[in-house]
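Data first, discussion second: the structure below is written as structure tokens.
The values are calculated or read from the model by the stated rules, or taken from the named source; none is laboratory data. All figures in this text were calculated on a predicted structure; none of them were measured in a lab. No Cβ is skipped: glycine too gets one built from the backbone with ideal geometry, and neighbour counts run over all protein chains shown.
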Amino acid sequence: MFEGQSQADVDAMLKHDRDFRRLYHHHRDLDKRVMDAELGVLPIHDTALSRMKKEKLAAKEELVRRWDSRHH
């Protein structure tokens, strides 16, 4: 998600910002669940999958907003 950013910067953000860390892990969990659902590994109704995708996008947008406010 933070391609082009130094891993040290991402790690520092994860270490020092509890909310960023929580949201980062939540996004990562949603990403895995969405992928599993799309592959058929996780049986899920289409509306639930759509809801997860929206939640994942909202988490990503918030992560990017937090990153940008911290690094600009």
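At a glance:
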quantity	calculated
Long-range neighbours under 9 Å by Cβ, at least six apart or interchain, first residue over 20 Å from residue 7 (Cβ atoms) and among the hydroxyl-bearing types (Ser, Thr, Tyr) within segment 61-72, second at pLDDT below 95 and outside any helix (DSSP H, G or I)	none
Residue 34 being assigned to a helix (DSSP H, G or I) and not charged (D, E, K, R)	yes
Selection status of residue 9, loosely packed, with under 13 Cβ neighbours inside 10 Å and either β-branched (Val, Ile, Thr) or in a helix (DSSP H, G or I) (or both)	no
Residue match in segment 53-60 (condition: over 9 Å from the mean Cα position of the chain (by Cα), modelled with pLDDT of 95 or more and among the aliphatic types (A, V, I, L, M))	no
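Listed here are the residues, each with its yes/no results for (1) surrounded by 15 or more Cβ atoms within 10 Å (Cβ to Cβ); (2) acidic (Asp, Glu); (3) farther than 17 Å from residue 9 by Cβ.
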{"position": "22", "(1), (2), (3)": "no, no, yes"}
{"position": "30", "(1), (2), (3)": "yes, no, yes"}
{"position": "41", "(1), (2), (3)": "no, no, yes"}
{"position": "60", "(1), (2), (3)": "yes, no, yes"}
{"position": "67", "(1), (2), (3)": "yes, no, no"}
